[in-house]
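As structure tokens, the structure follows; a few thoughts come after it.
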Amino acid sequence: MLRLLAGISAGVVACAVTSGALTRGEEGAASPAPTRPLLVRGGLPASERPSYGGTLVAELGELEEAWQPRLPASRGLDAELSSVTSETLVRLDERGEPQPWLAESWERDATMKKWKFHLRPGVKFHDGTPLAPQTAIEALHRPDLRPTATSDGFQVELPQPSPTLPADLTLRTARLFRMVNSGEQGTGPFRVDTWDFQKAGGRITMSANAEYWGGRPFVDAVDVRLDRTARDRLIDLQVGKADVIEIPAEMARRASDEKIRVESTPPVELLMLVFRYDSAASANVRLREALSHAIDRAAIVNLVLQKEGEAASGLLPQWISGTEFLHPDPSDPAAARALVNEIGPAATLVLSYYSDDELQKAAAERIAVNAREAGIVINLRAIPSSQTEKLGQKDRTIADAYLMRIDLRSPLARLALAGVLVDLNGFIDKEDIALDESSDATTVYEREKSVLESYRVIPIAHLPRVYGLGPRVRNWSMPPGAAMNGLPLADVWLEREAQ
Amino acid sequence: MTFRSRLFWLFTFFVLLAVGIVAAGVTLVTRNAFEELDARRTDALVAQFREEFKQRGQEAALQVKGIADAEATTRMAIELMRPNADASTYYWDARNVASAHQLDILDFVATDGTIISSAEWPARAGYKLTWVTNSQDWASAGAFLTRMETQDGPTLGLMAVASAVPVADKRVYVVGGKKLGKDFLSTLALSEGMRALVYLNLDKDFSSDALLDANGPVQEAERFAPLVEQVRQAPNEQTAGITWSSDPASAESFHLLPLQGRTNELLGVLLIGASQRERVVVEHRIILLAVGVAGIGLLLGAILSWWGAARITQPVTKLVYGAKQVAAGNWNARVDVRSKDDIGQLAAAFNKMTEELVEQRDRLVQSERVAAWRELARRLAHELKNPLFPLQITVENLRRARKKDAEEFDEVFDESTETLLAEIENLKGIIGRFSDFARMPKPELRPVDVNEVVRTVVRLFEAQFSAVGRPPITPELHLESNLPAIQADPLLLHRAIENLVLNAMDAMPSGGVLALATSKHDGIVLIEIVDTGSGLTPEECERLFTPYYTTKQHGTGLGLAVVQSVISDHGGTISVESEAGVGTTFRIELPIKPAVDPQRTAKTAASAPTPPAAPRPRVHDAPRAAANDAPADTPSDGAPNSAETMAA
């Protein structure tokens, strides 16, 4: 077992042999050894020694758009799960630096147009197919890169310089998987056995991949349920029916009060208010600005989110962009009232939100109260998320603004903002969406500022992802930089006595 | 209107009257019963509402008190008193506690009125609820109705306020209660056809969304605006009604109960509606039943009236028919009525009357016939006696002359035989006139110009009108031009007019004016002969056309009888009007086309074995004093004007 060959420290040690990319000059990167926990013999109590076996029961958020293993994942929860079944060529480490994963190393030429990736040897898909150059090209599903096979990998030749191509390949849209008999076959530590989210509301069973190139996971299987409400998940965790649950941010505090082990990621989600582009009621930028000033973000974080999150003045949180502090806190009720008085009587705004998202509902209600205090009338309109697929254009145009939650897909500011802007396609100007690979931090900041100053998007809060862990779960580790790498299920073991 | 029709309409009237009175009475009683029932049900529902209101209020007060006294609330009060207290910890507490206590509304409020946590509107946390802090004596306030602001808009809440244990003279208020909305209404037990609504928003303008029933917003809520306004103007219990459509069954009556708050401010209106459909349907059915009964009654009335009329009016009809028969001269008419009631007795009396009339008529005819024969015998005797006496004298003279010499005898014999022959001729004449009357010739009809006949007659008598030795008579003709020709026998018509002219001349011995006029009227031709003679008495007019009746010393009494016979044979009529001192007018009406078969009439007249009873002429009622003689009876001196002459 590869796992047994890895170094150890107390308990579980994340053996990131490579701390950052080992580059060969400007052209390449050395391949790090995969991080694997190892069993430690002697010196540790039995309860802290890694052990194999058991089925980990995970209850995650209820999503209508359930993860389809056969499709490229794009949403947070999808990424959480898909990361354990399929992997990317490159992965970000805890510092947010691209590190070799399925690609053992890579190199580029001086123009940064030609890139060559060397595949990690010994990697197999779940169906036993080795990760060969041609297989990798097919499994990448990125014809836009126009990859060509090499002896130990493939190379791509781009029309424009792409200095951040390895980082781009960390996104889940770049994961490798093969379609076999209509089923997705990845290279991850777990393979999907069944999924029936469409019938039973969402349930996935996965088993450990014994041939995993990084070593067999500790748990034998993972049972994922997606059909439990937040309250039910808490109860299940407390009574031992679940080992890992996803907790809505607004309930994290209560969970802590109830002595539940709570693990939070840095803010990886943006709660924002978006105006419909063709809404006449919200056409006045001064009104949108007034509303932005009227919203008491601190109160939303303190009361609604129970302090689990951060008031947002920018689209990206400070830990990703590093520039959020440059955006002034827009919350200013007095300024809002002054603007409303200046505008005069304004039309009633209709704010829409997903009714089954308690956070959105509570935030929308608070926003309505804030707005009313400033003299802006907001009518709330709940849209059942179960009907979102059925909503036609007419239904969508009923609202003047929407309360939205979007995932920040990467800890890299450019990629994160690009993802946000893609999600805002249709709500902001097209030139604001464009963000090419050559954009530096200043460009990202300027683009973000441009979007904010249009007041077509009003950031409210940045939310973390919160997990509750059962008493038998060991070695749960989600460092900030790896917060978007998915659930660390491969490293988790279950305490034997509690099994 | 016939008796049958009267009977039908009378019967119908009484049937409709009876049915109408019964239907109106039943409808009135039904309506009163329904109104009384509605009133009882409404009172019961109002009482139920009040009881439910009171009970819910007590429950809310107890629950709020329990929450305020709970240890968790006390801990909250203590925690909030600490420096840098974090109130956000309690943000969701109100919702959880409210859910556990099944309260719709629950707020934790700090001493300064700041909302710590709100179940019905969590987003209001941090804002003020100042009215809670205005009173310090919530313990005695109990439950009350008040207006609460929620994120869905204002609503009425059955609320109670309690204070947690004061900590350092600071309090945490617990404000809780239940919404007075559709859930509250759904707990009321409603009878069939009743419903309860509540109007919650008492803003100045009526809001349709604020009117709820147990299922939520009410359709056509704007129709209730006048009712709400009515209570707003006078906040006391009232009744009003709404008719939802042109259908009376859609009517609904409402009992309006004002909902008032702690200071008697008007906060809402409870509307308890009772559908009038059931009552209207029952009334409708009653009316339908009444119409049906009336229809059956009318049908029955028609049948009964027909039957009754048949029973009652048939004998009467028979009596009427019999009377008409009698009036038409059929005195043998009988009424066949077998009943023994009044109508039967009347019919029997009628039959007896007609029998007696026939008997009396027969006796009268017989007596008239005898009288006529006697008159005829008297006339014959009188006519025959006059020539017989000279014959007797002449024969006796002849006997005495045989004793004289032959020459003298011969002279006497010649004179006697001449006398005998003359008298015998006279007898033959008398016999001939009677014979002519008995054998009136039948008219031979052909188109006749009446005016021409009249002119001919007048020309015939022109010489006599102005004859020497007698006062002149002035003839005047008033003949209508374009008079149509009539079907008549010109000779008989000439003879009849001639007789009347002669009669008129005899009536004017002192002269005068004789006017003859013709005219056309409705299918007849009218001939009028008017003299200015001394006139006739009514009695004379009555018998004027009776054969052998005459007022003249030497008349036969056949002249006017002949005229009447001729006119009758032509299907016409003759009448006379006379006035003493003024004159006499004869009017002849002849059909342009005779309806009567003159041959049959002639045959009937000819076959009469005995002198017929004189048909009664049409005599006007004007007083008549003239005593004109029948001119035909009296041959004038040398004038060819006697009836006898014409008859010959």
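The table below lists the values:
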read-out	value
The stretch A:284-318, subset part of a loop (DSSP other than H, G, I, E, B) and within 17 Å of A:ALA371 (Cβ to Cβ), residue nearest to the other protein chains (Cβ to nearest Cβ)	A:ASP296
Pick from the stretch B:12-45, criterion over 19 Å from B:LEU288 (Cα atoms) and of a type in the set (Lys, Arg), ranking: least open to solvent (accessible area, probe 1.4 Å)	B:ARG41
Pick from the stretch B:160-212, criterion in a strand (DSSP E or B) and among the charged types (D, E, K, R), ranking: farthest from the chain's Cα centre (by Cα)	B:LYS170
Contacts under 8 angstrom Cβ, first residue in the stretch B:144-170 being away from every other protein chain (no Cβ under 14 Å), partner of a type in the set (Asp, Glu) and outside any strand (DSSP E or B), 6 or more apart	B:MET148/B:GLU120; B:GLY157/B:ASP104; B:ALA162/B:ASP69; B:ALA164/B:ASP69; B:VAL165/B:ASP69
Any hit, the stretch B:428-441, residues being acidic (Asp, Glu), within 30 Å of B:PRO315 (Cβ to Cβ) and surrounded by 12 or more Cβ atoms within 10 Å (Cβ to Cβ)	no
Test: residue in the stretch A:275-282 that is surrounded by fewer than 24 Cβ atoms within 10 Å (Cβ to Cβ) and within 14 Å of chain B (Cβ to nearest Cβ)	no
B:GLY153 vs. criteria farther than 29 Å from B:SER208 by Cβ and surrounded by fewer than 23 Cβ atoms within 10 Å (Cβ to Cβ)	no
Residue count for the stretch A:200-231, restricted to those that are over 21 Å from the mean Cα position of the chain (by Cα) and at positive phi	2
Any hit, the stretch A:295-302, residues being over 28 Å from B:ARG95 (Cβ atoms) and of a type outside the set (D, E, K, R)	no
Identity of the residue in the stretch B:123-143, touching a residue at least 12 places away in the same chain (Cβ under 8 Å), part of a helix (DSSP H, G or I) and hydroxyl-bearing (Ser, Thr, Tyr), that ends up nearest to the other protein chains (Cβ to nearest Cβ)	B:THR130
So A:VAL340, is it open to solvent by less than 30 Å² (accessible area, probe 1.4 Å), within 12 Å of chain B (Cβ to nearest Cβ), of a type in the set (A, V, I, L, M, F, W, C) and not in a loop (DSSP other than H, G, I, E, B)	no
Some residue of the stretch B:107-122 being over 26 Å from B:LEU257 (Cα atoms), in a helix (DSSP H, G or I) and within 14 Å of chain A (Cβ to nearest Cβ)	yes
Whichever residue in the stretch A:344-360 is open to solvent by less than 50 Å² (accessible area, probe 1.4 Å) and without any contact (Cβ under 8 Å) to a residue 60 or more places away in the chain and, among such residues, is farthest from the other protein chains (Cβ to nearest Cβ)	A:GLY344
Those residues of the stretch B:467-493 which are open to solvent by 80 Å² or more (accessible area, probe 1.4 Å) and within 20 Å of B:GLY523 (Cβ to Cβ), in sequence order	B:SER481, B:ASN482
Residue that is within 24 Å of A:VAL84 (Cα to Cα), at pLDDT 95 or above and in contact with a strand residue (DSSP E or B) (Cβ under 8 Å, 6 or more places away or on another chain), where the choices are A:HIS126, A:HIS118	A:HIS118
Test: residue in the stretch B:453-469 that is assigned to a helix (DSSP H, G or I), within 22 Å of B:SER565 (Cβ to Cβ) and charged (D, E, K, R)	no
Odd one out for B:ALA85, checked against (1) open to solvent by less than 50 Å² (accessible area, probe 1.4 Å); (2) more than 14 Å from chain A (Cβ to nearest Cβ)	(2)
Filter result for B:THR130 (crowded, with 18+ Cβ neighbours inside 10 Å and within 21 Å of B:LEU267 (Cβ to Cβ))	no
Residue within the stretch A:229-242 that is open to solvent by less than 60 Å² (accessible area, probe 1.4 Å) and within 14 Å of chain B (Cβ to nearest Cβ) present	yes
When residues of the stretch A:117-130 are limited to those that are farther than 16 Å from A:TRP106 by Cα and under 27 Å from the mean Cα position of the chain (by Cα), the one surrounded by the fewest Cβ atoms within 10 Å (Cβ to Cβ)	A:LYS124
Every residue from the stretch A:363-379 that is crowded, with 20+ Cβ neighbours inside 10 Å and either more than 12 Å from every other protein chain (Cβ to nearest Cβ) or within 10 Å of A:LEU403 (Cβ to Cβ) (or both)	A:ALA363, A:ALA364, A:ILE367, A:ALA374, A:ILE376
Number of the condition not met by B:ILE287 [criteria: (1) buried (at least 18 other Cβ atoms within 10 Å of the Cβ); (2) over 27 Å from B:ALA189 (Cβ atoms)]	(1)
Hits in the stretch A:210-228 - residues which are among the aliphatic types (A, V, I, L, M), open to solvent by 20 Å² or more (accessible area, probe 1.4 Å) and outside any strand (DSSP E or B)	A:ALA210
Any hit, the stretch B:561-581, residues being surrounded by fewer than 17 Cβ atoms within 10 Å (Cβ to Cβ), under 30 Å from B:GLN366 (Cα atoms) and modelled with pLDDT under 85	no
Residue identified as at pLDDT below 90, more than 22 Å from the chain's Cα centre (by Cα) and open to solvent by less than 50 Å² (accessible area, probe 1.4 Å) among A:ILE398, A:ILE428	A:ILE428
Complete set of residues in the stretch B:88-106 that are within 12 Å of another protein chain (Cβ to nearest Cβ) and open to solvent by 40 Å² or more (accessible area, probe 1.4 Å)	B:THR89, B:ASP93, B:ARG95, B:ASN96, B:SER99
Residues being basic (Lys, Arg), in a helix (DSSP H, G or I) and either more than 14 Å from every other protein chain (Cβ to nearest Cβ) or open to solvent by 50 Å² or more (accessible area, probe 1.4 Å) (or both) - total across the stretch A:243-265	1
Some residue of the stretch B:49-60 being more than 24 Å from B:GLY261 (Cβ to Cβ) and either open to solvent by less than 70 Å² (accessible area, probe 1.4 Å) or within 14 Å of chain A (Cβ to nearest Cβ) (or both)	no
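Okay, residues lined up against (1) open to solvent by 40 Å² or more (accessible area, probe 1.4 Å); (2) touching a residue at least 24 places away in the same chain (Cβ under 8 Å); (3) within 28 Å of B:GLY557 (Cβ to Cβ); (4) not acidic (Asp, Glu):
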| residue | (1), (2), (3), (4) |
| --- | --- |
| B:GLN366 | yes, no, yes, yes |
| B:VAL395 | yes, yes, no, yes |
| B:GLU444 | yes, yes, yes, no |
| B:PHE465 | no, yes, yes, yes |
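The values are calculated or read from the model by the stated rules, or taken from the named source; none is laboratory data. Note that the structure is predicted; figures quoted are calculated from it, not measured. Using ideal geometry, Cβ is built from the backbone for each residue, glycine included, and neighbour counts are taken over all protein chains shown. Note: accessible area is taken over every heavy atom of the protein model, side chains too, but ligands, DNA and RNA are not part of it. Shrake-Rupley method; radii C 1.70, N 1.55, O 1.52, S 1.80 Å.
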